[in-house]
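I have placed the structure first, in the form of structure tokens, so that the comments after it can refer back to it.
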Amino acid sequence: MLNLLPIADSIEGKVNQHDKLRFDQDIQTYNFSIKKLSHEMNCGYLDLYASFTAHNKEQYLCSDGVHPNSKGHKLLYQKIKQKLSTLTS
């Protein structure tokens, strides 16, 4: 299972074009549930949230502050490939 990516600090708690508020704490709550479920189901888990926040997450997100840009997609590819290689070794 993959968890959710962080949101940019620039959109934290601000209303978006769909009149929705986004909070990083909500993402962390969902991620906790995803991790717990992956353990309960005895399946793999990849913490992409940590990969983005370990670096400067802003550089990996596009202008909407949520979706990955080309650098973000490259980081996703690297982390997923690395995880898959450990499973097949």
Report task. Using only Cα atoms, tell me the angle between helix 24-40 and the longest principal axis of the chain; keep it within 0 to 90° and round to the nearest 10. Result -> 20
Requested in this report: List the lysines whose Cα lies under 25 Å from the Cα of Lys36, skipping any in the same chain that are fewer than 8 positions away.
Outcome: Lys57, Lys79, Lys81, Lys83
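Scan the chain and hand back the longest stretch that contains none of the trypsin sites (Lys or Arg not before Pro) lying in DSSP loops with at most 15 other Cβ atoms within 10 Å.
21-89
Which of the chymotrypsin sites (Phe, Trp or Tyr not before Pro) found in segment 14-88 are loop residues per DSSP with 13 or fewer other Cβ atoms within 10 Å of their Cβ?
Here the chymotrypsin sites (Phe, Trp or Tyr not before Pro) that fit, given the DSSP loop and packing criteria, are Phe23.
Hey, what number do you get for the chain at 222 nm if only DSSP H runs of n ≥ 4 count, each worth -39500 (n - 2.57), divided across all residues, to the nearest 500?
-15500 deg cm²/dmol
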Query raised in the report: Once you have the alpha carbon radius of gyration of the chain, what is it after dividing by 2.2 N^0.38 Å, with N set to its residue count?
Result: 1.16
Query - On Cα atoms only, tilt of 70-88 relative to the major axis of the chain in degrees - result: 20
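No value in this document is a laboratory result; all are computed from the given coordinates. These numbers were taken from a predicted model, which means no experiment stands behind them. Positions of Cβ are generated from backbone atoms using ideal geometry, with glycine treated the same way; all protein chains shown enter the neighbour counts.
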